[in-house]
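Reading through the structure tokens given below for one structure.
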Amino acid sequence: MSVNVRFSKIIKILFIYLFFLLFSGNLNAYAKNKDQVINKLNKTNSIKFAFKQKSSSEVIENGECILLFPGKLKCIYDNKDLKELIVNNNMLVISHKRYKKNYFYPTSKSYFEEILVKQKLINLIKKSQESVEGKEIHFTYIKKNSQKIIMLFKKNNLELKGWIVSDQYNNNLEFLINILSENISPNIEIFKIPSIN
């Protein structure tokens with residue numbers, strides 16, 4: 001066997017070795033990110049946050065929310081309609097207090113069912129495709145009905161940064177958050193569903 005053939009084989013072996021070394025390193029980094037995000041979520045019982053919500057129709061809404069695991073969310077919007085959103089386990093209500101109107105929906109018809117129940121959120125992250133986009137970690141999960149959920153976390157401190165939901169018709173809802181405090185003890189009464197009139 002000539003020196004050139006041996007040298008060529010050594011180069012190929014080194015290339016394959018380096019490829020597997022780099023590839024396995026990336027897998028370990030992704031696994032580490034998932035584990036760290038899940039550990040942070042396991043230590044989080046509630047969060048208070050400011051939000052910016054943007055829909056496909058370019059409507060932007062702002063406000064503040066309190067999320068209490070599992071399955072409770074209260075959001076107060078900064079708008080003239082005095083809009084509020086309340087989720088309490090399997091019921092979602094959008095209230096326009098200015099007009100004294102309430103709209104009731106089952107949470108099973110929304111993405112809140114996966115995001116507001118910690119164990120479901122963790123399971124979603126475990127099954128998601130992970131990518132790092134600048135200062136964010138994205139976990140993308142595509143449901144059977146082609147609905148896509150992208151959960152966003154800050155890379156530096158692993159805080160939840162929000163989520164983007166898109167359906168099979170490419171309607172998007174972007175919900176970006178800025179956490180104000182964690183593990184507070186909110187009054188459970190704020191999650192009370194209004195009575196149906």
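General observations
- The single residue among ILE149, ILE122 that is touching a helix residue (DSSP H, G or I) at 6+ places or on another chain (Cβ under 7 Å) and buried (at least 18 other Cβ atoms within 10 Å of the Cβ) turns out to be ILE149.
- Filtered residues of the range 81-107 (kept if of a type in the set (S, T, N, Q) and either touching a Gly at 6+ places or on another chain (Cβ under 8 Å) or free of Cβ contacts under 8 Å to residues at least 24 places away in the same chain (or both)): ASN88, ASN89, ASN90, THR107
- Scanning the range 112-129 for residues that are under 10 Å from the mean Cα position of the chain (by Cα) and outside any helix (DSSP H, G or I) gives a single hit, LEU116.
- Every pair of residues 6+ apart whose Cβ atoms lie under 8 Å, when the first sits in the range 108-132 and is within 16 Å of VAL165 (Cβ to Cβ) and at pLDDT below 90 while the second is in a helix (DSSP H, G or I) and of a type in the set (Lys, Arg): GLU113/LYS120; GLU114/LYS120
- From the options SER181, SER108, SER95, residue that is closer than 17 Å to LYS74 by Cβ, of a type in the set (Ser, Thr, Tyr) and surrounded by fewer than 12 Cβ atoms within 10 Å (Cβ to Cβ): SER181
- Residue ID - nearest to the chain's Cα centre (by Cα), chosen from residues in the range 68-111 that are under 30 Å from ASN42 (Cβ atoms) and polar (S, T, N, Q): SER110
- Considered as a group, the residues in the range 52-89 that are open to solvent by 30 Å² or more (accessible area, probe 1.4 Å) and of a type in the set (Gly, Ala, Ser) include one that is nearest to LEU160 (Cα to Cα), and that residue is SER55.
- Of the residues examined, LEU41 is one that is in a helix (DSSP H, G or I) and surrounded by 13 or more Cβ atoms within 10 Å (Cβ to Cβ).
The values are calculated or read from the model by the stated rules, or taken from the named source; none is laboratory data. As the structure is a prediction and not an experimental result, all values here were calculated from the model. Neighbour counts run over all protein chains shown; Cβ positions are idealised from the backbone, glycine included. Each accessible area value is taken on the protein alone, full model and side chains, heavy atoms only, with ligands, DNA and RNA left out. Shrake-Rupley method; radii C 1.70, N 1.55, O 1.52, S 1.80 Å.
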